[in-house]
Amino acid sequence: MKLVSPLIFSPSCTNSEVRFWSIKYAFSLRIFFRQASRMACISANIGTSVRIFDSHRHSSLSRFVGIHCRCIFRNSLSVFYGGALRPNSVYHHGTRDDPLFNGFRSFSAAFSSISSDNGVAEERVVVLVIGGGGREHAICHALKRSPSCNAIFCAPGNAGISNAGDAMCISDLDILDSSAVISFCQKWGVGLVVVGPEAPLVAGLANDLVKSGIPTFGPSSEAAALEGSKTFMKNLCDKYGIPTAKYQTFTDPSAAKKYIKSQGAPIVIKADGLAAGKGVIVAMTLDEAYEAVDSMLVKGVFGSAGCRVVVEEFLEGEEASFFALVDGENAIPLESAQDHKRVGDGDTGPNTGGMGAYSPAPILTKELQSLVMESIILPTVKGMSEEGCKFVGVLYAGLMIEKKSGLPKLIEYNVRFGDPECQVLMVRLESDLARVLLAACRGELSGVSLNWSSGSAMVVVMASNGYPGSYEKGTVIRNLEEAEQVPSVKVFHAGTALDSDGNFIATGGRVLGVTAKGKDLEEAWERAYQAVEQINWQGGFNRGDIGWRALPHKRSSAKS
């Protein structure tokens, strides 16, 4: 390997070009320089275009290479460290030992630094986002716009996050191994961890990170029981007077069926634990209810998550999602959103993790939002504190606005941003997300206010054929760039990878979240479905009526 032209870095460079001949191995480099005059800091994002010539293939190609960087300042000595990050083993075109950086198209540079403006220090932070779905892509996208965010890592991330340059994906970091996550944070000077999915939270990742002194946005395992155990959540509601559907909990199938018979149908049967959004069955007949009980308590279709069931009264009305940021003692509301859980148009078919959402939700008026805060969110925050497990993170309340009373009741809690609601919230958020989440970690949310864009946002989920049942993997998705040419559209990736030809392929059930903003819900709808039309994916489908309750005339009029 030899350098043909000099390698030059400057604090403001964005496209320094480096030329290499006959690269056979992944490289690393270290640069140290002294600066005679005093400087508070250097803060830069460096995009390095690498021209590679392969003597075996007799061809050259350009790739963006991810560089990790660290600035250290001691008096007049400035030390800059840079090293090439390894290719992503999952989304890289070749193997980990492949010498070419084919997997990188963009990157985020990581700095642990304090930036300075007129001598006033301003904190900037390196963030690690835990997770690899559409929710995490949206969080990374919002953090990328945060002035106080220096760099973003995402573990494991996905091909879309990496491709868009929204974060540097670390595919081989085991997010359920606390010691590995802590070591990574210490090595890279991570000053904030944002945990997306529920499983690491329930497993205690936040506990271990906080014990190690790493600010973590996400609840302890004890507090995560609000989502991890529906029985825990229901008992808390009983104790602190939080309005919810009446219920009973069972481990014996005969007792459960006896109770169901006394209550009649329709009725709701829920697996007590985490079941990937599939553990809730709305039984319209007694036979359906009995079958649901047997599937969980006898056949064990949800494993340990279904060894106990909650049988709830059926609430008639309109569902809505309400989110609040919590710092243990204080809570501030996020904007409202409305999800679409059923797989088919007109809210038909089995429940899914979510087929689309929009924000704001007209059903949640300002008056109702205030009532939700006073009767549901704040009593929960207070109750959790009194129970000795203060909640820090996002409280996501799944609500039913009852048809008879018009009042909200709590259906369930999630202890993280919803998916796909997070996508519409993040594109509308105008506040510095990193700064707000740090305030929550430090118990400093009191007095914090959030700024939101006017208008509306909508996300249409595109899923693999067969979802939420068995579905095919590896189908090719084309024209994603064309979809993002539609004004105010962002395509968030939930389950994608790159094949050997550089094409995006589907690897999950819910695969894409086509998200659009507009001056109103009508315009957001038009843009979202216009973008969906651009995407060429024979192996996928989507609902054609997202937002139908707010825009009834749009029902089923889009591609599906």
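The values are calculated or read from the model by the stated rules, or taken from the named source; none is laboratory data. Keep in mind it's a predicted model, so treat the numbers as computed, not measured. Neighbour counts run over all protein chains shown; Cβ positions are idealised from the backbone, glycine included. The accessibility values were calculated without ligands, DNA or RNA, using every heavy atom of the protein model including side chains. Shrake-Rupley method; radii C 1.70, N 1.55, O 1.52, S 1.80 Å.
Of the helices (runs of 4 or more DSSP H) that lie entirely inside the stretch 229-314, those containing 3 or more residues that are open to solvent by 50 Å² or more (accessible area, probe 1.4 Å) and either touching a helix residue (DSSP H, G or I) at 6+ places or on another chain (Cβ under 6 Å) or polar (S, T, N, Q) (or both) span 230-240, 253-263. Selection of first residues in the stretch 390-408 that are more than 17 Å from residue 444 (Cα to Cα) and of second residues that are basic (Lys, Arg), restricted to Cβ pairs under 8 Å at least 6 apart or on distinct chains, gives the following pairs, ordered by first then second residue: 396/416; 399/409; 400/409; 402/409. Scanning the stretch 185-204 for residues that are out of contact with any Phe, Trp or Tyr (no Cβ under 8 Å at 6 or more places or on another chain), in a helix (DSSP H, G or I) and at pLDDT 95 or above yields 185, 186, 187. All of (1) of a type in the set (A, V, I, L, M, F, W, C); (2) part of a strand (DSSP E or B); (3) touching a Leu at 6+ places or on another chain (Cβ under 9 Å) hold for residue 497 with one exception: (3).
Inside the stretch 133-178, residues that are open to solvent by 30 Å² or more (accessible area, probe 1.4 Å), in a helix (DSSP H, G or I) and touching a helix residue (DSSP H, G or I) at 6+ places or on another chain (Cβ under 8 Å) make up a count of 2.
Exactly one residue out of 405, 370 is of a type outside the set (A, V, I, L, M), open to solvent by 20 Å² or more (accessible area, probe 1.4 Å) and either in contact with a His (Cβ under 8 Å, 6 or more places away or on another chain) or assigned to a helix (DSSP H, G or I) (or both): that is 370. Across the stretch 169-207, the qualifying residues are those that are farther than 11 Å from residue 155 by Cα and of a type in the set (Asp, Glu), and the one among them that is nearest to the chain's Cα centre (by Cα) is 198. Screening 465, 451 for residues that are open to solvent by 10 Å² or more (accessible area, probe 1.4 Å) and in contact with a strand residue (DSSP E or B) (Cβ under 7 Å, 6 or more places away or on another chain) leaves exactly one candidate, 465. For the stretch 536-551, filtered to residues that are of a type in the set (S, T, N, Q) and not in a loop (DSSP other than H, G, I, E, B), the residue that is least open to solvent (accessible area, probe 1.4 Å) is 542. When residue 526 is tested against (1) open to solvent by 40 Å² or more (accessible area, probe 1.4 Å); (2) within 29 Å of residue 452 (Cβ to Cβ); (3) touching a helix residue (DSSP H, G or I) at 6+ places or on another chain (Cβ under 7 Å), exactly one condition is not met: (3).
Within the stretch 339-354, residues that are closer than 20 Å to residue 495 by Cα and open to solvent by 40 Å² or more (accessible area, probe 1.4 Å) have Cβ atoms under 8 Å from residues that are in a loop (DSSP other than H, G, I, E, B) and among the β-branched types (Val, Ile, Thr) in these pairs: 341/352; 342/352, counting only partners at least 6 apart in sequence or on another chain.
When the residues of the stretch 355-367 are filtered to those that are open to solvent by 30 Å² or more (accessible area, probe 1.4 Å) and part of a loop (DSSP other than H, G, I, E, B), the one that is modelled with the highest pLDDT is 360. Scan the stretch 419-442 and tell me whether some residue there is touching a helix residue (DSSP H, G or I) at 6+ places or on another chain (Cβ under 7 Å), within 20 Å of residue 343 (Cα to Cα) and polar (S, T, N, Q). So far as the stretch 419-442 goes, yes, one or more of its residues are touching a helix residue (DSSP H, G or I) at 6+ places or on another chain (Cβ under 7 Å), within 20 Å of residue 343 (Cα to Cα) and polar (S, T, N, Q).
Within the stretch 315-330, being of a type outside the set (D, E, K, R), assigned to a strand (DSSP E or B) and open to solvent by less than 20 Å² (accessible area, probe 1.4 Å) holds for 320, 321, 322, 323, 324, 325, 326. Go through the residues of the stretch 210-223 one by one and say whether even a single one is part of a helix (DSSP H, G or I), at pLDDT 95 or above, under 19 Å from residue 394 (Cα atoms) and out of contact with any Lys or Arg (no Cβ under 6 Å at 6 or more places or on another chain). Yes, the stretch 210-223 contains a residue that is part of a helix (DSSP H, G or I), at pLDDT 95 or above, under 19 Å from residue 394 (Cα atoms) and out of contact with any Lys or Arg (no Cβ under 6 Å at 6 or more places or on another chain).
In the stretch 468-514, the qualifying residues are those that are among the acidic types (Asp, Glu) and surrounded by 12 or more Cβ atoms within 10 Å (Cβ to Cβ), and the one that is nearest to residue 138 (Cα to Cα) is 484. Of all the criteria given as (1) open to solvent by less than 50 Å² (accessible area, probe 1.4 Å); (2) at pLDDT 95 or above, the one not satisfied by residue 533 is (1). Here is the figure for the stretch 355-391: residues that are more than 13 Å from residue 236 (Cα to Cα) and among the β-branched types (Val, Ile, Thr) total 3.
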